[in-house]
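Okay, so here's the structure we're looking at.
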Amino acid sequence: MNFIPAKESGFVTWFFDLYTRFLLRRRFRHVWIRQLYTPPANRKTVYYLNHNSWWDGLIPLFLNRKLFSQKARAMMEDKQMIKYPFFRKLGAFSVNLENKRSVIRSLRYALSSLEKPRAALYIYPEGTITPASQQKPDFQQGLAWLAQKTKQTDFVPVAVYIHTLRHSKAELYISIGNETVFDNSLNRKDLNNIFENEIHDLIKGTKEVAGFDDQGFRQIF
């Protein structure tokens with residue numbers, strides 16, 4: 001499959017921002033956010049998220065419009081891009097996970113996208129949607145590759161968790177962690193281990209309070 005670059009449309013982004021908020025209000029009883037990171041002025045950010053549901057495709061748009069206001073792009077599996085072509089207009093670009101050369105091309109495109117002031121990239125390092133579990137996520141090496149190549153860029157974990165503990169209608173929790181501290185001279189395996197541990201701890205911390213006392217979270221809807 002050919003590489004699909006992002007082709008942002010201000011109108012489509014505006015429309016889907018409204019549509020996403022409508023969908024979130026309709027689908028979820030409540031949406032909660034805990035925010036430990038705010039991007040400094042002119043700082044670039046890579047947000048890495050766990051990938052457990054269909055909603056993951058819309059969460060980057062929601063977060064960027066609601067909280068961050070950065071020049072955001074997102075890496076998306078090419079099969080999903082073909083199925084939902086409108087994501088291209090929202091800043092998504094494709095990656096073919098079955099072709100190593102295609103993966104490198106997509107990562108280089110991501111790297112060039114991060115050259116802009118206040119640029120942001122949303123990436124799901126697991127690659128494909130995986131069932132939620134208690135185990136530490138298994139990341140592919142794209143995130144670590146980016147960490148080795150970038151400078152003056154924050155890498156921030158974002159945990160997404162959905163539960164029905166209190167009601168038949170689900171509640172959505174989005175936990176934005178602190179900037180991950182790492183040495184980019186480390187090899188990719190060691191970097192991956194750092195990133196996997198960071199988001200695993202963030203997910204566990206979210207599950208411990210979500211649906212109970214909701215400590216640290218604020219209700220958006």
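Quick one: work out the % antiparallel among DSSP beta bridges in the chain, nearest 5.
Working: 8 of 32 bridges.
Given both bridge residues lie in the chain, the antiparallel proportion sits at roughly 25 percent.
Near S53, within a Cβ-to-Cβ distance under 14 Å, what is the net charge of the other residues, with Lys and Arg +1 and Asp and Glu -1? Before the final figure, lay out the partial values.
On the way: positive: R27; negative: D56, E126, E171.
Cβ neighbours under 14 Å give a net charge of -2.
To the nearest 500 deg cm²/dmol, what mean residue ellipticity at 222 nm is calculated for the chain from DSSP H runs of n ≥ 4 alone, each contributing -39,500 (n - 2.57), summed and divided by the residues? Intermediate values should be presented prior to the final figure.
Details: 6 runs with 73 residues, N = 221.
Taking each H run of at least 4 residues, the total per residue is -10500 deg cm²/dmol.
Can you tell me the relative contact order of the stretch 10-219? Whole percent, Cα pairs under 8 Å, sequence separation 6 or more. Walk me through the numbers before you get to the answer.
Working: 335 pairs, mean separation 62.5, N = 210.
So the answer I get is 30 percent.
Grab the beta carbon distance between Q219 and Q134, set R0 = 25 Å, and tell me the FRET efficiency rounded to 0.05. Intermediate values should be presented prior to the final figure.
Working: r = 26 Å, r/R0 = 1.05.
Given R0 = 25 Å and the Cβ-Cβ separation, E is 0.45.
Mind listing the phi-derived Karplus ³J(HN,Hα) values for the stretch 19-34, rounded to whole Hz, using 6.51, -1.76 and 1.60 with θ = phi - 60°, and x for any glycine or proline?
Per residue, the Karplus-derived 3J(HN,Hα) values read 5, 5, 4, 4, 5, 5, 5, 6, 7, 10, 5, 8, 10, 10, 9, 10 Hz.
Step through the table entries K66/K189; K100/K149; K79/K136; K83/K169, compare each Cα-Cα distance with 29 Å, and write down the pairs that go over it.
On the way: K66/K189 34 Å; K100/K149 18 Å; K79/K136 25 Å; K83/K169 27 Å.
Flagged as over cut-off: K66/K189.
Using the Karplus equation 6.51 cos²θ - 1.76 cosθ + 1.60 (θ = phi - 60°), what ³J(HN,Hα) coupling, rounded to whole Hz, does each residue of the stretch 58-72 give in order, writing x for Gly and Pro?
9, 4, x, 4, 4, 5, 5, 6, 7, 10, 9, 6, 9, 8, 9
Dipole of the chain, Cα-centred, from +1 at each Lys and Arg C-beta and -1 at each Asp and Glu C-beta, to the nearest 20 debye? Mind dumping the intermediate values first?
On the way: 33 positive and 20 negative charges, 176 e Å.
Approximately 840 debye in magnitude.
Report, in whole Å, the centroid distance computed from the Cα atoms of the stretch 178-202 and the stretch 50-125.
20 Å
Amide H of A72 versus every other amide H placed in the peptide plane: which residues, excluding those fewer than 5 positions away on the same chain, fall under 5 Å?
When sequence neighbours closer than 5 places are left aside, the close amide H contacts are A120.
Rule-based calculations on the coordinates, nothing more; no lab input. If you're wondering where the values come from, they're calculated on a predicted model, not measured in any experiment. With ideal geometry, Cβ positions are generated from the backbone for all residues, glycine too; neighbour counts draw on all protein chains shown.
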